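Reviewing the structure listed below.
Derivation of every value follows stated rules applied to the coordinates shown; laboratory data play no part. Note that the coordinates shown come from a computational prediction; the quantities given were computed from them, not determined experimentally. Glycine gets a Cβ as well: all are built from the backbone with ideal geometry, and neighbour counts include every protein chain shown.
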Amino acid sequence: MTDVEEAITRAHRDEWARVVAAVTSRFGDLDVAEEAVAEAFTTAVERWRADGVPPNPGAWLTTTAHRKAIDRIRRENKRDDKHKEAQMLREGAPPEPLAAIDDDRLRLIFTCCHPALAMQTRVALTLRMVGGLTVPAIARAFLVQETAMERRITRAKAKIKAAGIPYRMPSAEDLPARVSGVLAVLFLVFNEGYLVSGPDPDPVRHDLTAEAIRLTRLIRVLLPQDGEVAGLLALMLLIEARRTSRVSANGELIALDEQDRGAWDPALIAEGHRLVRERLAAAAAGVAPGRYQILAAINAVHTSARDMRDTDWSQVLALYDQLVRLDPSPIVALNRAIAVAELDGPEAALADIDRLEDRLAGYHAYQATRADLLRRLGRRHESRSAYDRAIELAGNIAETAYLTRRRDQLG
Amino acid sequence: MQYLASVIDDKGNPGSTDRQPAISAFNERLIAEGYWVFAGGLADTDAATVIDNRGEQAVFSDGPFLESKEYLAGVWVWEAPDLDVALTLAREASKVCDRKIEVRPFR
């Protein structure tokens, strides 16, 4: 990679959200901002090659994007009316210095994750506007046609404009719910990368997990006091640390008990554990932890064990009990049962999950868990049909391969 | 901006009919706080008449909501600076009138 290409890549990673946020803040229009910033990056490729990389790439991009935005508004207003042009140009006056507009990014994130937008739309818009991913890349990530994704993003921008979705921080009263909405979007992006839901040839999408972590880090910088932000970041880091040991050379998912723990990323684990300790200290001081913090703590227990047999399952179970009180969903109960199986044996766990059948029978992880418990109880026939059902329901190719091998080993 | 807040009722699961005092109190507050533009409850869907005069002569028929499960039961028009404010009002309105609210901006 040449120096210029490297500078562009770095600027794209570090400055995209900041520049989009600054231009949106100035012109009050996401569509104008998106186009202007994309054009500014295109111009940067040519100009930086000819004139060298500017000393402050972020400022250069912001100024250039502002000019592009003014050009577009001028072009549109030629067709519109002159009065509006004067007004827009007044509003499009000199850009603020970069440091002062840092929290513009937060406003941008809250706008993209607004509850008046459908969940899939929030995800797409956040990846485009805050993450700077291209529309084709987002379409690929969610197995949607490019034109359909383009339409979804265009419609979202139109709704934001027409419905008056504000470009500002939520009210103090709304803030906790809105932050948790943003975290839900980021966790969804992460999960899609962690275990691709469809039959994608890549069972794990590192680009998506990395992007989700990068954006969560950004939120953490902007909202350093929020415990759930820290919790979600820790959770993602501790899962990401195990990424390379999760899929075998022949493309099969590797369960936690069979993973090579020596291949886990020690730096990510250390960072995740540091965040969990920070939240444990807050909990000890009386701040009740939310669900991401508890999930992170569970993952901290797993990543602390050098061997599966060293796992402190009673700690895991205690954390799940805490989580169940917060989130009585059947999926939490299912995961809790896995800890029960380790502590009290598969029979007790099976009794627990049988109660979830009417709600989870169509969920692949339920059938896979059930198949494994039946296998451990020596009930081969029932185990086989549960594996069959799990294989039918699982979309991810690495997971299907894993389940198929386990079924065929039943003999 | 102005927003139309449509009150959506459901024939299968209608909202309660004793909400008028609460709605009146809510309207008083809307007026006092400067959000109120207009409000009105509608008569039953079987009182509606549709006229289609796009052809040679006017054709009369019953309302479009007569057969549907969900129908428009009333409206508010609010003046609000942005959607967040309108949605906060709608959250209250839904509780107050015990029905769903669709919030839609005027062009």
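For an R0 of 41 angstrom, estimate the FRET efficiency from the Cβ-Cβ distance between A:Ser197 and B:Glu56 and round to the nearest 0.05. Walk me through the intermediate numbers first.
Values: r = 55 Å, r/R0 = 1.35.
Step by step, r from the Cβ atoms, then E = 0.15.
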| message | Rounding to the nearest 10 and keeping the result within 0 to 90°, find how far the Cα-based axis of helix A:330-344 lies from the longest principal axis of chain A. | response | 40 degrees
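Nothing charged except the Cβ atoms of Lys and Arg (+1) and of Asp and Glu (-1): what's the magnitude of the dipole of the protein assembly as shown about its Cα centre? Round to the nearest 20 debye.
Numbers: 68 positive and 77 negative charges, 134 e Å.
Taking the Cα centre of the protein assembly as shown as origin, the dipole is about 640 debye.
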| task | May I ask you to derive the FRET efficiency for A:Glu278 and B:Val37 from their Cβ-Cβ distance with R0 = 60 Å, giving the value to the nearest 0.05? | result | 0.75
| Can you give the extra length, in nm with one decimal, that the chain gains between A:Asp207 and A:Val324 once fully stretched, where that is 0.36 nm per residue apart less the Cα-Cα distance? | 39.0 nm
| remark: Percent relative contact order for chain A, counting Cα pairs under 8 Å at least six residues apart, stands at 11 percent
| query | For the Cα atoms of chain A, what angle does the longest principal axis make with the long axis of helix A:3-27, in degrees from 0 to 90, nearest 10? | reply | 70 degrees
| query | For helix A:397-408, what angle does its Cα long axis make with the longest principal axis of chain A, in degrees from 0 to 90 and rounded to 10? | reply | 10 degrees
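Just want the ordering: A:Phe110, B:Phe38, from fewest to most Cβ atoms lying within 10 Å of their own Cβ.
Details: A:Phe110 22, B:Phe38 11.
In increasing order of surrounding Cβ atoms, one gets B:Phe38, A:Phe110.
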| Average projection area in nm² (convex hull over Cα atoms of chain A, one quarter of hull surface) | 23.2 nm²
| request: Kindly flag which residue pairs out of B:Lys69/B:Lys100; A:Lys78/A:Lys159; A:Lys68/A:Lys157; A:Lys159/B:Lys11 have an alpha-carbon separation exceeding 21 Å in this structure. | output: A:Lys78/A:Lys159; A:Lys159/B:Lys11
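For region A:341-411, what is the convex hull volume of the alpha-carbon atoms per residue, in Å³? Spell out each step's value before the answer.
On the way: hull volume 5.7 nm³, N = 71.
Here the figure is 80 Å³ per residue.
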| said: Give the aspartates and glutamates reachable from A:Lys161 as a straight Cα distance under 15 Å; neighbours fewer than 8 places away on the same chain don't count. | reply: A:Asp29, A:Asp31, A:Glu34, B:Asp82, B:Asp84
| request: Using a Förster distance of 25 angstrom, determine the FRET efficiency expected from the C-beta separation of A:Lys161 and B:Val75, and round it to 0.05. | output: 0.60
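Under the definition of partner shielding as Cβ atoms of other protein chains within 10 Å of a residue Cβ, what is the mean value for peptide A:169-177?
Numbers: counts 0, 1, 3, 0, 1, 3, 0, 0, 0.
Per-residue shielding by partner chains comes out at 1.
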| Ranked highest first by the average count of other Cβ atoms within 10 Å around their residues, in what order do A:113-125, A:262-274 fall? | A:113-125, A:262-274
| said: Averaged over its residues, how many other protein chain Cβ atoms are within 10 Å of peptide B:74-85's Cβ atoms? | reply: 3
| What is the log10 of I(q)/I(0) for region A:246-317, computed with the Debye formula using one identical point scatterer on each Cα and no solvent, at q = 0.22 Å⁻¹? | -1.04
| note | For region A:330-411, the charge dipole (Cβ of Lys, Arg +1; Cβ of Asp, Glu -1; about the Cα centre) points to a positive end, and the Cα of A:Pro346, A:Gly411, A:Tyr363 closest to that extreme belongs to A:Gly411
